[in-house]
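I have placed the structure first, in the form of structure tokens, so that the comments after it can refer back to it.
We did not get these values from a lab; they are worked out from the coordinates using the rules stated. Keep in mind the model is a prediction, meaning the values are calculated, not measured. We place every Cβ from the backbone using ideal geometry, glycine too, and count neighbours over all the protein chains shown.
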Amino acid sequence: MPFIVLKLLFVPLISVFIIVSSVYLDYQSSIPLMLLLATLLYLSVVFDRKYEWLRNVQFLFLGAFHYVSQLNWCILLYYIFIINLIHKKENFRDSMSLCFLMILQYSVIRLTYLPLTKYHILVSVFDTLASFVIVISFHFVNFLDSEKKKLYKQNDYLTYHDPLTGLLNYDGYLHKVQHLIKLNKPFQLVLLDINNFKSLNAKDISTANEILISFSRALRKLFLNDMLAASRYAGDRFAILLPEHVNIESSMFNFEHIGVQVTYSITCYPHEALTYQEMLSTAEDRIFQMRRNSWMRSQEEILRTEKMKMVGELAAGMAHEIRNPLTSIKGFIQLSKNQSYNIQPWYEVIMGEITRVGELTAEFLHFSKPHASNMKVESLTDCMTRVYSLCESEAASHGHLFTLDLSDDPIHIVMDRDKIIQVLINLIRNSFQAMEHTGTVRISLEAVEALAVVRVEDTGKGIADENLAKIFDPFYTTKEEGTGLGLSLCQKIVEDHGGRITVQSELGKGTTFTLRIPLA
């Protein structure tokens, strides 16, 4: 643009100055012819951008004007037209050739109205050298300007683009959205979030980069002809700007071929947002809700899977536990066949096995049925006192010392009284059975912050570390006649009350069960 202004301003000024000077110096020049040639020369300058062929004939107008005016000052016009011819040429050799031809024309015409002396020949040589210097300087300035533009372009690219994928970064994404809204051009903003990115890039950074690059290529391919812009920001999140007319279907965002699962949201301008802040806020809120719903669905699926796994384990354990006594009963019935079905010798054993099956199924029903809704605020202190009175005689019959330690203040919780009594009695009887010799069982109750804390401590043989993590598993037991459902049932009841049960044990010293239940 500056060079165009230079041509349009200086060509007519220099031409007028030369015409006036030629007349003033009385060089016998034709004024009408000079005016005509100057006008043609100027018109060729004005319209050479529109009609490229004018550049090829400008040298004729310039040469004729130089010949008629007979002034060396036309060298300035030659310099301007040399630059006009070469300013878009990158090839230095072509530029020098054009420069040489223009200066040669100038020197030949100059020598037509000047005597052919040594001085004038040397002046022509000097003019040629000067023109070469101008061309070289112009190319050098052009080179610097070109490098400057490249740096600006690179800087602009780094400012608004993601170097890994080549898509826009967050700043570029904001800039593009603002630009489209400023143009009041309807468009769709599609946000995509890679759900499984953390699990996919668990190996190393290069794996993560390959995933992002593959995903960005897939997006380009998917919206090759429609995409207004695409951006990668916040690590694993992408934004695509699409024209309003593009129809988007959920099946389009299937990227299983690269192992990627995405959550996406669509926001339309100006139907759903009028400003870019509102646009971005709406889009981000939607992707958050979509991500949250997706996470909840995955958690429900995991929970459903865990439940099915637990049901399978319970069914397998129940079948195993029932099969053992049934096998014994079957064996004794087969033996009785040889004695005319007289089961008297095995009657007690058979009835014991039948009782065991009954107890097992009863405990399983307690474990599996939903928790009764008989929940109300009651005194846990009174409940503990009741349990102590029920178990005191059993402790005395085994020779154990049984103590109760209660808080001075009454403690109330929301509970099903019968269920909590069942848990405490089960834990206390386990403690009695864990002590092969006489020992001590202590139950205590206290309020710690917002929790009621119940402890059942014994001085029994303790539990080995490898068994400690299994004691709440269904059907796991170390007792010869145990069902393995007692502690599992206790844990379920406590959890139904919003609490939790933990255990600490040391071999040879004893075991402590701790219940923590929220206060009412």
If you take the charge dipole of the stretch 170-272 about its Cα centre, with +1 on Lys and Arg Cβ and -1 on Asp and Glu Cβ, which of ALA230, HIS175, THR207 is farthest toward its positive end?
-> HIS175
Footprinting proxy, HIS66, HIS161, HIS245: sorted fewest to most Cβ within 10 Å, the residues are HIS245, HIS161, HIS66
Cross-link reach list, aspartates and glutamates versus LYS153, counting only Cα pairs under 18 Å and skipping chain neighbours closer than eight places = ASP145, ASP162, ASP171
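In what sequence do HIS257, HIS400, HIS175 fall when counting other Cβ within 10 Å, fewest first?
On the way: HIS257 8, HIS400 21, HIS175 17.
So the ranking, lowest neighbour count to highest, is HIS257, HIS175, HIS400.
For the chain, what is the charge dipole size about the Cα centre, in debye to the nearest 20, if Lys and Arg each add +1 at the Cβ and Asp and Glu each add -1 at the Cβ? All intermediate terms of the calculation are to be shown ahead of the outcome.
Details: 49 positive and 54 negative charges, 608 e Å.
That gives a dipole near 2920 debye.
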Would you mind checking the tilt of helix 118-160 against the longest principal axis of the Cα atoms of the chain, expressed as 0 to 90 degrees and rounded to 10?
-> 20 degrees
From the cross-link list LYS376/LYS419; LYS149/LYS185; LYS7/LYS118; LYS309/LYS492, the entries with a Cα-Cα span beyond 24 Å are LYS149/LYS185; LYS7/LYS118
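Please give the calculated 222 nm ellipticity per residue for the chain, where each DSSP H segment of at least 4 residues contributes -39500 (n - 2.57) and the sum is spread over every residue; nearest 500 deg cm²/dmol? It would help to have the intermediate numbers written out before the result.
Details: 15 runs with 299 residues, N = 520.
Estimated from H runs of four or more residues: -20000 deg cm²/dmol.
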Percent relative contact order for the chain, counting Cα pairs under 8 Å at least six residues apart, stands at 8 percent
Give the longest segment of the chain that steers clear of GluC sites (Glu not before Pro) in DSSP loops with at most 12 neighbouring Cβ atoms within 10 Å, not counting the sites themselves.
-> 250-435
The stretch 376-518, relative contact order in percent, only Cα pairs under 8 angstrom and at least six apart counted = 24 percent
Overall Cα dimensions of the stretch 1-113, principal axis frame, Å, largest first | 43, 27, 21
Scan around ALA452 for amide H atoms under 5 Å from its own, H built in the peptide plane at 1.01 Å from N, and keep only partners 5 or more places away or cross-chain.
-> ILE517, LEU519
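What percent does the relative contact order of the stretch 2-156 come to when contacts are Cα pairs within less than 8 Å and at least six residues apart?
Values: 108 pairs, mean separation 31.1, N = 155.
In percent, rounded to a whole number, it is 20.
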Taking the chain on its own, what percent of its Cα-Cα pair distances exceed 41 Å?
-> 63 percent
Computed over the stretch 170-272, the ratio Rg/Rh where both radii use C-alpha atoms and Rh is Kirkwood = 0.98
